[in-house]
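Everything on this sheet refers to the single structure shown next.
The values are calculated or read from the model by the stated rules, or taken from the named source; none is laboratory data. Computed from a prediction, not measured in an experiment: that's the story for all the values here. Don't worry about glycine lacking a Cβ; one is built from the backbone with ideal geometry, like all the others, and counts go over all protein chains shown. For accessibility, only protein heavy atoms count, side chains too; no ligands or nucleic acids. Shrake-Rupley method; radii C 1.70, N 1.55, O 1.52, S 1.80 Å.
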Amino acid sequence: MNDLISISAFDSQRPLLFTQWEFWAFFVAVYIVFALIMDIGKNRRSHVRLHLRNVFLMLASWFFYYKTSGAFLLLLLFLTLSNWLFARAVYAAGERKFLKGLYLWVCVLVDIGLLGFFKYAYFGADFVNQLFGTHLTITEKILLPVGISFYTFQVISYIADVYHRRIEPVANLLDFAFYVSFFPQLVAGPIVRASEFVPQLYRPYSLSKRQFGIAVFWVLNGLVKKIVLSDFLAVSFIDRVFDNPMLFTGTENLLALFAYSLQVYADFSGYTDIAIGVAMLMGFFLPQNFNSPYKARNPQEFWRRWHMSLSRWLKSYVYIPLGGNRNATAGTWVWIAVIAAVALVLSGSWWVTGVALGLAVVVALVAWLRPQHRRLLAANLNSFITMLLGGLWHGASWNFLIWGGLNGIGMIVNKIWHGWNAHLRFLSVLLLAAGVTAWRYYFPQPWLNVVWVAVVAVAAGGLLGYLYYLCRLPQKGFARAMGTVWAVLQTFVFITFTRLFFRAGSNLDPATANETAWRTARQMMQQIGSAWNPDTILPVLWNQRLTVLLFLLGMLIHWMPDKFKLWYRVRFASLPVWLMLVIVVAVVTLLYQFMLTDVQPFIYFQF
């Protein structure tokens with residue numbers, strides 16, 4: 001009995017993770033009971049059997065979340081009940097717009113209020129102090145419930161879809177609770193819409209031999225990504241560099257930054273792969289969340305491939321309500337004011353807020369004086385605000401705001417770039433290269449060296465493309481392939497350098513995140529931008545040869561053609577079960593060699 005109580009109790013030092021043997025013991029037990037329910041209930045009415053299955057998996061999901069977050073299970077249950085009740089009230093209000101809107105906004109404010117308390121309490125205290133000159137402090141550290149952002153966004157999408165009559169409210173509270181708490185995707189997504197998942201609750205269970213093989217493949221694929229690429233790279237190299245950048249050379253800092261791009265992808269997509277595989281074994285299909293994002297040719301395409309469920313959520317419930325690519329709404333200007341206030345609190349300077357508001361005024365004047373550009377300006381402004389809010393979703397600190405802002409600027413620049421002809425494109429990169437060169441010459445700074453190298457590389461590529469255009473050579477075959485490769489590399493480098501600000505402030509106490517993030521980012525840019533000794537580059541890379549090898553191998557697999565990846569997935573799924581089992585044993589043995597003493601939590605658990 002004591003052992004059973006010990007196993008069932010929540011341990012804050014060892015939450016239940018996909019990479020622990022305890023999780024797989026839990027899943028095996030769940031799967032055995034699940035199979036018994038589906039088998040014993042064969043002679044009963046199908047809807048009774050499905051109801052028993054749903055209730056059992058709901059209870060198992062609650063237990064999983066308790067083992068992950070302890071008493072925060074009560075928060076999950078509260079949000080489940082409140083959103084179920086409010087959604088029914090919204091639907092019952094019919095065409096009474098005021099009442100329907102009132103129910104919607106009360107529910108959303110409750111959801112956002114709880115999320116805001118846990119994620120932005122430190123920011124809120126700073127805001128009040130900045131505004132009223134008070135000295136509020138938060139003495140007790142506020143623990144962030146695992147996965148709160150994901151299941152909060154999920155229930156907000158549900159009640160919003162009910163409000164717009166895209167779906168009907170779920171009649172059964174237990175079915176809705178199962179939808180909200182389904183354990184494979186509960187704590188780190190993907191964010192699943194009710195319209196995608198709820199109909200599956202009432203479908204008969206079916207799993208073909210090939211689907212079983214695909215599910216096993218996704219589980220193994222996710223575990224390899226997480227343990228071999230993410231955890232091993234992080235603990236053996238990346239974390240050490242980010243913790244003390246000045247102790248490492250510019251080569252090592254640059255390698256750590258690029259390796260982190262692979263780490264964060266392997267970590268997050270690895271979780272999603274496992275979640276998809278585990279859910280599929282139980283007959284449920286989750287949406288794709290990653291589509292080889294580092295194959296993207298521009299920042300806009302990157303965000304169509306990265307964390308796709310969040311990108312769709314932001315588009316549906318932030319970007320389009322702001323006006324999308326049609327116009328700027330009142331919400332656009334409200335969010336500009338909010339972001340300016342955030343800038344004031346984070347910087348502690350009215351100058352920063354003044355600059356933010358000044359830019360907004362300039363944009364508004366241009367839109368008023370140039371009606372022909374109004375739609376383009378509105379689309380870019382709404383896109384930029386959406387990306388800033390995406391950054392703030394990760395946390396209220398400068399590093400996340402800069403990260404979101406850089407991605408927004410990248411998307412805007414890409415849109416403008418594609419609207420220019422070849423002559424204007426070449427002239428712009430030429431002037432940019434000349435300007436950065438002059439800036440670097442008169443005001444030398446290590447970070448400017450990094451910017452200068454990037455700009456010169458872009459200008460060199462632009463010159464080559466311009467000459468190709470002037471010679472009127474055909475844009476197909478080898479030339480098109482090289483153009484794609486160059487675009488992919490530019491996008492990958494851009495996204496990687498924005499990750500400096502993302503990683504620098506992650507895993508930090510919110511009270512000290514800004515200061516630590518700035519120091520880390522500044523020191524890394526100083527090391528990368530300082531003079532490199534050519535004689536030390538090869539020895540440094542040799543000393544880090546395992547990191548270099550894993551990075552190159554990971555990127556090579558990532559950049560493989562989609563058709564080839566589909567081919568080997570299907571081939572694996574078509575293998576005899578005994579051979580599939582042999583491969584599973586071999587992969588688990590390999591994973592054991594890379595397992596670390598301390599299991600590393602998934603990066604996005606903190607969001």
Which whole-Hz couplings ³J(HN,Hα) result when phi for each residue of the stretch 548-558 is put into the Karplus expression 6.51 cos²θ - 1.76 cosθ + 1.60, θ = phi - 60°, listed in order with x for Gly and Pro? 4, 5, 5, 4, 5, 5, x, 5, 4, 5, 4
Roughly how much of Phe118 is accessible, in Å² to the nearest 10, using a 1.4 Å probe? 40 Å²
At R0 = 45 Å the Cβ-Cβ FRET efficiency linking Ala25 and Leu247, nearest 0.05, sits at 0.65
At most 16 other Cβ atoms within 10 Å plus a DSSP loop assignment makes a site exposed; report the longest stretch of the chain without any exposed trypsin sites (Lys or Arg not before Pro). 167-325
Per residue value of the accessible surface for the chain (all protein chains in place, 1.4 Å probe), Å²: 50 Å²
Per-pair calculated FRET efficiency, R0 = 30 Å: Leu431 and Thr516 via Cβ, rounded to 0.05: 0.20
FRET efficiency, Thr484 to Leu556 (Cβ-Cβ, R0 22 Å, nearest 0.05): 0.85
Multiply the residue gap between Val33 and Ser195 by 0.36 nm, knock off their C-alpha separation, and tell me the result in nm, one decimal place. 55.6 nm
Using a 7 Å offset from the Cα along the Cα-to-Cβ direction at both Phe564 and Thr536, what is the distance between the two label points in nm, to one decimal? 3.7 nm
At 0.36 nm per residue, and after removing the present C-alpha to C-alpha distance, how many nm does the segment from Ala454 to Trp578 gain when stretched out fully? 39.5 nm
Restricting to DSSP H runs of at least four residues, report the calculated mean residue ellipticity at 222 nm for the chain, -39500 (n - 2.57) per run over all residues, nearest 500 deg cm²/dmol. -23500 deg cm²/dmol
Distance between modelled label sites at Ser236 and Phe78, nm, 7 Å Cα→Cβ extension: 4.4 nm
Sequence order, the stretch 435-452: Karplus ³J(HN,Hα) from phi using 6.51 cos²θ - 1.76 cosθ + 1.60, θ = phi - 60°, Hz rounded, Gly and Pro as x, gives x, 5, 4, 5, 4, 5, 6, 8, 10, x, 9, x, 5, 5, 4, 5, 4, 4
How far is it, in nm, from the label point at Trp439 to the one at Gln288 when both lie 7 Å from their Cα along the line to the Cβ? 3.8 nm
Whole-Hz couplings from phi, Karplus 6.51/-1.76/1.60, listed for the stretch 218-231; x for Gly and Pro: 4, 4, 5, 4, x, 5, 5, 4, 5, 7, 7, 7, 6, 5
Based on alpha-carbon atoms only, what is the radius of gyration of the chain relative to the globular estimate 2.2 N^0.38 Å? 1.02
Computing the accessible area with a 1.4 Å probe over protein heavy atoms, can you report the carbon and sulfur percentage for the chain? 69 percent
Once the Cα atoms of helix 577-594 and of the chain are each reduced to a long axis, what angle between those two axes, in degrees from 0 to 90 to the nearest 10, is obtained? 50 degrees
